[in-house]
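Below: one structure, written as structure tokens.
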Amino acid sequence: MNFRMEQMHRWLKSIFQKDAYELEPLVGDASFRQYYRLRQGDKTWMLMDADPVKEKPDVFFKTAMIMSDYKLNVPKCLDFEKEF
């Protein structure tokens, strides 16, 4: 397991505590971002991993919030960890 994956699991365990979850990698993005399908029981979410040296996730989420204000369909950010 690589360092970024270990960081993601540490972060997810801080959120889910002892509850089990599954993480499935998704492919197809041409950027430096990596996406995962996060499952816990019958609930699913998308998890995005972006190296802050190569990507600006804060800009991504700020842009999404602005677009949402204009009633455009964009992903809703449930949590954001910028310390990785």
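The values are calculated or read from the model by the stated rules, or taken from the named source; none is laboratory data. Computed from a prediction, not measured in an experiment: that's the story for all the values here. All Cβ positions, glycine included, derive from the backbone under ideal geometry; neighbour counts span all protein chains shown. Calculation scope for accessible area: heavy atoms of the full protein, side chains included, ligands and nucleic acids excluded. Shrake-Rupley method; radii C 1.70, N 1.55, O 1.52, S 1.80 Å.
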- Query: Which of the residues belonging to segment 1-15 are surrounded by 11 or more Cβ atoms within 10 Å (Cβ to Cβ) and either out of contact with any strand residue (DSSP E or B) (no Cβ under 9 Å at 6 or more places or on another chain) or among the polar types (S, T, N, Q) (or both)?
  - Reply: 7, 10, 11, 13, 15
- Residues of segment 3-39 being modelled with pLDDT under 85 and of a type in the set (Ser, Thr, Tyr), which ones? 31
- Message: What's the total number of residues in segment 16-30 that are surrounded by 10 or more Cβ atoms within 10 Å (Cβ to Cβ) and not in a strand (DSSP E or B)?
- Response: 4
- Task: Residue by residue through segment 42-83, note down the ones that are modelled with pLDDT of 85 or more and closer than 15 Å to residue 15 by Cα.
- Result: 43, 44, 45, 46, 47
- Scan segment 46-84 residue by residue and report those that are open to solvent by less than 60 Å² (accessible area, probe 1.4 Å), under 10 Å from the mean Cα position of the chain (by Cα) and acidic (Asp, Glu). 49
